[in-house]
1. Provide a single number: the residues in segment 206-218 that are surrounded by 19 or more Cβ atoms within 10 Å (Cβ to Cβ) and more than 23 Å from residue 283 (Cβ to Cβ).
2. Return the pairs, sorted by first residue and then second, in which the second residue is assigned to a helix (DSSP H, G or I) and surrounded by 15 or more Cβ atoms within 10 Å (Cβ to Cβ), the first residue lies in segment 258-276 and is among the aromatic types (Phe, Trp, Tyr), the beta carbons are less than 7 Å apart, and the residues are 6+ apart or on different chains.
3. In this structure, does residue 111 turn out to be closer than 28 Å to residue 235 by Cβ, within 15 Å of the chain's Cα centre (by Cα) and at pLDDT 95 or above?
4. Can residue 130 be described as of a type outside the set (Gly, Ala, Ser), in contact with a helix residue (DSSP H, G or I) (Cβ under 8 Å, 6 or more places away or on another chain) and either at pLDDT below 95 or under 13 Å from residue 62 (Cα atoms) (or both)?
5. Pairs only if they're at least six apart or on different chains, beta carbon under 6 angstrom, first in segment 278-295 and under 30 Å from residue 206 (Cα atoms), second of a type in the set (Asp, Glu) and assigned to a helix (DSSP H, G or I); list them, first residue then second.
6. Within segment 219-241, count every residue that is farther than 21 Å from residue 125 by Cβ and either buried (at least 18 other Cβ atoms within 10 Å of the Cβ) or under 19 Å from the mean Cα position of the chain (by Cα) (or both).
7. With the structure loaded, tell me whether residue 247 is surrounded by fewer than 14 Cβ atoms within 10 Å (Cβ to Cβ), modelled with pLDDT of 95 or more and more than 19 Å from the chain's Cα centre (by Cα) or whether it fails that test.
Amino acid sequence: MSPQDERHEDGHENDNGHYRIVPRRVSFDWEKTPLHWIPGEPTATHVVNVLHLLLPAGERWFVKVFKEALPLVRDPELLRDVKGFMGQEATHSVQHAYVLNHLAAQRLDTADFTRHVDFLFEKLLGEAPPLGAPIPPREWLRLRLSVIAAIEQFTAVLGDWVLAAEGLDRAGSDEVMLDLLRWHGAEEVEHRAVAFDMFQHCAGRGRPRYTRRVAGTAVTAPVMLYMWAWGAAYLIRHDPKLAGRLRYSLAAHNRAVRKGLLPTWKELGAAVPRYLRRSYHPAQEGSLRRAVEYLAQSPAAQSAAGAIARAATA
């Protein structure tokens with residue numbers, strides 16, 4: 001079965017056989033989630049927790065950039081996908097922001113770090129190029145769309161990984177946090193192609209479009225690696241339960257990888273050359289079937305679906 005066939009065969013289709021991207025208004029109860037939600041694994045816990053540092057501002061930025069680009073979309077089906085994507089990303093941003101509030105309630109304040117994240121997305125990647133760089137508005141928009149497409153490939157890889165990460169279950173991870181991560185990961189796989197298709201639609205044709213894709217990757221890969229390492233180090237250093245007794249280290253990170261608590265470096269590193277293949281399309285990433293199957297059993301997603309059904313029949 002081709003990736004395109006899988007896209008049509010799994011999940012919910014409209015009358016044209018096209019998979020629909022639908023936001024789910026989920027909610028999570030964080031009251032009983034411990035600070036170290038992977039028991040006895042502070043490094044793995046905080047490496048994953050970097051998601052909560054980056055995503056609230058990052059996914060708000062995705063939505064802003066896509067709103068700028070909506071007038072360029074001439075394909076009605078893509079336009080529907082983009083609007084569904086924007087709804088999902090807005091929900092992701094809100095739910096990860098709630099986790100930051102939960103961390104702050106446990107005396108792990110992330111505001112000093114997230115100010116830098118806000119600066120990255122709001123100033124360096126805002127509506128105008130930084131420092132007055134002489135980049136035409138249309139080209140600046142295309143560059144930011146290429147960055148989003150590159151990030152979304154990475155999140156689809158992570159999403160597919162967390163759906164299959166049995167090591168997190170074996171470690172006794174907090175069920176609410178696992179549901180958040182797997183619900184989010186499943187939606188990342190579900191809408192894995194939208195940002196790429198949006199970029200392709202808006203970025204011109206031929207060699208210039210491919211050059212823009214390479215430029216987006218060249219910006220995204222090193223910045224994400226740096227921000228992730230910095231974020232993990234920040235969380236471990238400020239963790240009140242550790243009280244400065246631990247620092248982030250590659251040795252501890254790699255131990256967590258061997259336990260199946262974090263994705264392997266090979267899984268992450270292979271995503272970049274795969275994305276740079278001229279024939280690449282995100283329908284090749286992950287398993288949509290596995291994502292849709294998880295969404296059918298996710299406690300938060302099912303609660304949201306039930307609320308919609310009750311409202312429709314009220």
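The values are calculated or read from the model by the stated rules, or taken from the named source; none is laboratory data. In this text the structure is predicted, and so the values were computed from the model without any measurement. Here the Cβ is made from the backbone with ideal geometry for all residues, glycine too, and neighbour counts use every protein chain on show.
1. Number satisfying all stated conditions: 0.
2. 275/150; 275/153; 275/217
3. no
4. Taking the combined requirement at face value, the residue satisfies it.
5. 286/160; 288/6
6. 4
7. yes
To keep it simple, each residue is scored yes or no on (1) of a type in the set (Ser, Thr, Tyr); (2) surrounded by 22 or more Cβ atoms within 10 Å (Cβ to Cβ); (3) modelled with pLDDT under 95.
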residue: 157; (1), (2), (3): no, yes, no
residue: 172; (1), (2), (3): no, no, no
residue: 189; (1), (2), (3): no, yes, no
residue: 204; (1), (2), (3): no, no, yes
